[in-house]
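Engineer: Supplied in structure tokens, the structure appears directly below.
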Ligand SMILES: Cc1ncc(COP(=O)(O)O)c(C=O)c1O
């Protein structure tokens, strides 16, 4: 059957699609798998209890459930929730915004599809523009959203060794130039897959450079403050009319309800809302309905600070300590876990590529994500791209513990066979 160019993009190779299929097949197989691969948040009982209670309240109020499921919202999304968010951001951060600065989407993956295609691709006068990723590795979900093929220009980071087994990436500003071919700059903070959190100075420098170049800075805040606040560094959240902050209720515990939040200048919010109208008429309402009172009361901030962040921080510490002990004596380093749900492991000089390590671990019942997927727009000639893997610590402690032990054992075997 003949497809359009648009259709052919989805018939061809899509990295994330193949990986998800492969993970799915492994899970459907006969043997149980230790799932250290996915990006699912933990089921935190105290947070789930809050949503259960809110759902019960909706069910108990006459007509409330019927209204919640029976009406389309406007394409911009639930007005009451947007107003509550605007007030929350004004109060928490002093941002000068109102409801005209916020749109809801069907998950921030949706937001990135809209925003990247809004700023990258062919512009008037046939100029082609790209999204600049000033620090890769970067979120795998960006990779294939461009309707006009490869839309990224990526910059390799500087690698800073913090101690013998911990390192950190920093933006290498010598290579961050925002020329006429760049339509927007985007960073996730905290970063999936590495757990990196860009320092305030790095963000300030990116703001200066994007403002000077007249292009927006897109900040992917899927794990950031004020919710879900899976961020272990004290950094300053920023917004200004040249910044687009993307948030989500997914890592706050509602990934199934597909609720993304875009904070931007009104001109951008209007376009995003129209895109939602064309793609899906309106965003899903249920996430906003379950989170409305939490946002109005500010509870969403307290829950994030007092429950969600400590929950993940404890798991990160535990996983890191185990990893350091298991890997003792091996050439190994881990990115400093500063937020998000992941540890990013670097096996410098490993005699096999991360793709092969992934296969070997899968054969031993552990699913991870090989690191080469996280270099959208990058060139394949940097060995580092093939020396890393991502593991999540959001799973139960016992699963993480067994998984990390097997990873360390397999890496040791690889080195021993080489010797
Ligand atoms: C950095 C980052 N951005 C965006 C997303 C997309 O989240 P959602 O579409 O569930 O809001 C994810 C999901 O894992 C992520 O890790």
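Engineer: Could you grab the pairs with beta carbons closer than 6 Å, sequence gap of 6+ or different chains, first residue in segment 16-39 and assigned by TED's automatic domain parsing to the domain that holds residue 397, second one modelled with pLDDT under 80?
Structural biologist: Between residues of segment 16-39 that are assigned by TED's automatic domain parsing to the domain that holds residue 397 and residues that are modelled with pLDDT under 80, the close pairs are 33/26; 33/27; 37/23.
Engineer: Looking at segment 60-119, what helices (runs of 4 or more DSSP H) fall wholly within it and have at least 2 residues that are crowded, with 19+ Cβ neighbours inside 10 Å and under 25 Å from the mean Cα position of the chain (by Cα)? Can you show your working first?
Structural biologist: Details: elements: 64-70, 79-93, 108-119.
Hits in segment 60-119: 79-93, 108-119.
Engineer: Another question, then. Quick check on segment 135-150. Is at least one of its residues modelled with pLDDT under 95 and assigned to a strand (DSSP E or B)?
Structural biologist: So far as segment 135-150 goes, no, none of its residues is modelled with pLDDT under 95 and assigned to a strand (DSSP E or B).
Engineer: Please tell me if residue 192 is in the same structural domain as residue 143 (by TED's automatic domain parsing), buried (at least 20 other Cβ atoms within 10 Å of the Cβ), more than 12 Å from the ligand (Cβ to nearest atom) and in a loop (DSSP other than H, G, I, E, B).
Structural biologist: Working: in the same structural domain as residue 143 (by TED's automatic domain parsing): yes; buried (at least 20 other Cβ atoms within 10 Å of the Cβ): yes; more than 12 Å from the ligand (Cβ to nearest atom): no; in a loop (DSSP other than H, G, I, E, B): yes.
Taking the combined requirement at face value, the residue does not satisfy it.
Engineer: Which condition from (1) part of a loop (DSSP other than H, G, I, E, B); (2) touching a strand residue (DSSP E or B) at 6+ places or on another chain (Cβ under 8 Å) is the one that residue 349 breaks?
Structural biologist: (2)
Engineer: Same structure, new question: Evaluate segment 292-308: report whether one residue or more is in a loop (DSSP other than H, G, I, E, B) and away from the ligand (no atom under 16 Å from the Cβ).
Structural biologist: yes
Engineer: Give the residues of segment 5-49 that are modelled with pLDDT of 90 or more and over 22 Å from the mean Cα position of the chain (by Cα), sorted by residue number.
Structural biologist: Passing the criteria: 33, 45, 46, 49.
Engineer: Among residues belonging to segment 231-252 that are part of a loop (DSSP other than H, G, I, E, B) and buried (at least 24 other Cβ atoms within 10 Å of the Cβ), point out the one that is farthest from the ligand (Cβ to nearest atom). Before the answer, list the steps.
Structural biologist: Kept after step one, since they are part of a loop (DSSP other than H, G, I, E, B), are these residues of segment 231-252: 232-242, 249-252.
Within this subset, residues satisfying the condition of being buried (at least 24 other Cβ atoms within 10 Å of the Cβ) are 249, 251-252.
Details: 249: 7, 251: 7, 252: 10 Å.
Per the stated criteria, the residue is 252.
Engineer: Now a separate question. Scanning for something within 14 Å of the ligand (Cβ to nearest atom), out of contact with any strand residue (DSSP E or B) (no Cβ under 7 Å at 6 or more places or on another chain) and not in a loop (DSSP other than H, G, I, E, B), does segment 319-328 turn up at least one residue? So that I can check it myself, show each step before the final result.
Structural biologist: If we filter segment 319-328 for residues that are within 14 Å of the ligand (Cβ to nearest atom), which is where we start, we get none.
For segment 319-328, residues within 14 Å of the ligand (Cβ to nearest atom), out of contact with any strand residue (DSSP E or B) (no Cβ under 7 Å at 6 or more places or on another chain) and not in a loop (DSSP other than H, G, I, E, B): absent.
Engineer: For residues that are outside any strand (DSSP E or B), touching a residue at least 60 places away in the same chain (Cβ under 8 Å) and near the ligand (Cβ under 9 Å from one of its atoms), tally how many sit in segment 211-230.
Structural biologist: Narrowing segment 211-230 to residues outside any strand (DSSP E or B): 211-216, 221-230.
Retained after the next criterion (residues that are touching a residue at least 60 places away in the same chain (Cβ under 8 Å)): 215-216, 222-230.
From what's left, near the ligand (Cβ under 9 Å from one of its atoms): 222-223.
Total meeting the criteria: 2.
Engineer: Does residue 287 count as within 16 Å of the ligand (Cβ to nearest atom), assigned to a helix (DSSP H, G or I) and within 19 Å of the chain's Cα centre (by Cα)? Quick ask: steps written out before the conclusion?
Structural biologist: On the way: within 16 Å of the ligand (Cβ to nearest atom): yes; assigned to a helix (DSSP H, G or I): yes; within 19 Å of the chain's Cα centre (by Cα): yes.
The answer is yes for residue 287.
Engineer: For segment 164-188: of the residues being within 16 Å of the ligand (Cβ to nearest atom) and under 16 Å from residue 375 (Cα atoms), which is surrounded by the fewest Cβ atoms within 10 Å (Cβ to Cβ)? So that I can check it myself, show each step before the final result.
Structural biologist: Within segment 164-188, the subset within 16 Å of the ligand (Cβ to nearest atom) is 169, 184-188.
From what's left, under 16 Å from residue 375 (Cα atoms): 169, 185-188.
Numbers: 169: 20, 185: 24, 186: 25, 187: 22, 188: 29.
Checking each candidate, the answer is 169.
The values are calculated or read from the model by the stated rules, or taken from the named source; none is laboratory data. These figures come from a predicted structure and were not determined experimentally. Cβ coordinates were reconstructed from backbone atoms using ideal geometry, including for glycine residues, and neighbour counts include every protein chain displayed.
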